[in-house]
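**Student:** Take a look at the following structure, please.
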Amino acid sequence: MLSASLDHAWIEAHVPHKGTMCLLERVVEWSDQRIVCEAISHTDPANPLRDAARLGAATGVEYAAQAMAVHGALLAPSDAAPTQGYLTSVRGLSLHTDRLDDAGGPLTVTAERLSGDARLILYQFTLHCGERCLLEGRASVVLDAQSL
């Protein structure tokens, strides 16, 4: 299923996040239920989520949300108009570090679809640097909220 063209440029072309706000570097692997992405933007001093020259661990939720958006783009029919998704809740969030910018290597962002339908999806997500888990939790996403 994986294509070598699923790099930063492909991601930016298929999700609403543009410029420095497009945080993911590439898709490592994906299936109907799961996506694994890699990010290196956490080390960039120009990362728009930095505050006081640091990138707090809670910003990892945005990395996970972008992986979920990429997953949605990959699962959508190729002729379908992009669906707008909104993060509606984050539950069970565990931060195992204070910050991401000093993680010391690329981030692995994993999102697994636990349940859902055409309107609401529940994902479980993790961010790792190597073997070290930096944060984990669950998030619900509502799709196409304007038509509700």
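**Student:** Every residue in the stretch 87-103 that is outside any strand (DSSP E or B) and either open to solvent by 80 Å² or more (accessible area, probe 1.4 Å) or more than 17 Å from R50 (Cβ to Cβ) (or both), please. Give the derivation first.
**Tutor:** Taking the stretch 87-103 as the starting set, the residues that turn out to be outside any strand (DSSP E or B) are 96-98, 100-103.
Passing the criteria: H96, D98, D102.
**Student:** When the stretch 1-51 is examined, which residues are found to be basic (K, R) and closer than 21 Å to G130 by Cα? Full working, then the answer.
**Tutor:** Initially, the stretch 1-51 is screened for residues basic (K, R), giving 18, 26, 34, 50.
Scanning the stretch 1-51 gives R26, R34.
**Student:** Now for a different question. Take the stretch 26-85 and flag every residue that is more than 11 Å from the chain's Cα centre (by Cα) and in a helix (DSSP H, G or I).
**Tutor:** S41, H42, T43, A57, A58, A73, L74, L75
**Student:** Moving to a separate point now. Please go through the stretch 101-134 and give me each residue that is touching a residue at least 40 places away in the same chain (Cβ under 8 Å) and in contact with a Phe, Trp or Tyr (Cβ under 8 Å, 6 or more places away or on another chain), ordered by number.
**Tutor:** L107, V109, T110, A111, E112, R113, L127
**Student:** Additional query: For the stretch 37-52, indicate whether the set of residues that are of a type in the set (G, A, S), open to solvent by 80 Å² or more (accessible area, probe 1.4 Å) and under 15 Å from D101 (Cα atoms) is non-empty. Outline the logic, then answer.
**Tutor:** First, pick out the residues of the stretch 37-52 that are of a type in the set (G, A, S): 39, 41, 46, 52.
Then drop every residue that is not open to solvent by 80 Å² or more (accessible area, probe 1.4 Å), which leaves 52.
So of that shortlist, the ones also under 15 Å from D101 (Cα atoms) come out as 52.
So far as the stretch 37-52 goes, yes, one or more of its residues are of a type in the set (G, A, S), open to solvent by 80 Å² or more (accessible area, probe 1.4 Å) and under 15 Å from D101 (Cα atoms).
**Student:** In the stretch 104-139, what residues are within 18 Å of A73 (Cα to Cα), assigned to a strand (DSSP E or B) and over 13 Å from the mean Cα position of the chain (by Cα)? Steps first, please.
**Tutor:** First pass over the stretch 104-139, keeping only residues within 18 Å of A73 (Cα to Cα): 109-125, 139.
With the extra rule that they be assigned to a strand (DSSP E or B), the set shrinks to 109-116, 120-125, 139.
L114, S115, G116, L120, I121, L122 - these are the residues of the stretch 104-139 that are within 18 Å of A73 (Cα to Cα), assigned to a strand (DSSP E or B) and over 13 Å from the mean Cα position of the chain (by Cα).
**Student:** Shifting gears a bit: Checking Q84 against (1) more than 21 Å from W10 (Cα to Cα); (2) at pLDDT below 95; (3) not small (G, A, S), which single condition isn't satisfied?
**Tutor:** With respect to (1) more than 21 Å from W10 (Cα to Cα); (2) at pLDDT below 95; (3) not small (G, A, S), Q84 is out only on (1).
**Student:** So, in the stretch 31-75, how many residues would count as being basic (K, R) and either under 14 Å from Q124 (Cβ atoms) or in contact with a Cys (Cβ under 7 Å, 6 or more places away or on another chain) (or both)?
**Tutor:** Here is the first cut: in the stretch 31-75, the residues basic (K, R) are 34, 50, 54.
With either under 14 Å from Q124 (Cβ atoms) or in contact with a Cys (Cβ under 7 Å, 6 or more places away or on another chain) (or both) added as a condition, the list becomes 34.
Looking only at that region, the number is 1.
**Student:** Name the residue, out of A53, A58, that is closer than 20 Å to G19 by Cα and not hydroxyl-bearing (S, T, Y).
**Tutor:** On the way: A58 fails: closer than 20 Å to G19 by Cα.
It is A53.
The values are calculated or read from the model by the stated rules, or taken from the named source; none is laboratory data. A quick note: this is a predicted structure, and the numbers were derived from the prediction, not measured. Cβ coordinates were reconstructed from backbone atoms using ideal geometry, including for glycine residues, and neighbour counts include every protein chain displayed. Just so you know, the surface numbers come from the protein's heavy atoms only, side chains and all, with ligands and any DNA or RNA stripped out. Shrake-Rupley method; radii C 1.70, N 1.55, O 1.52, S 1.80 Å.
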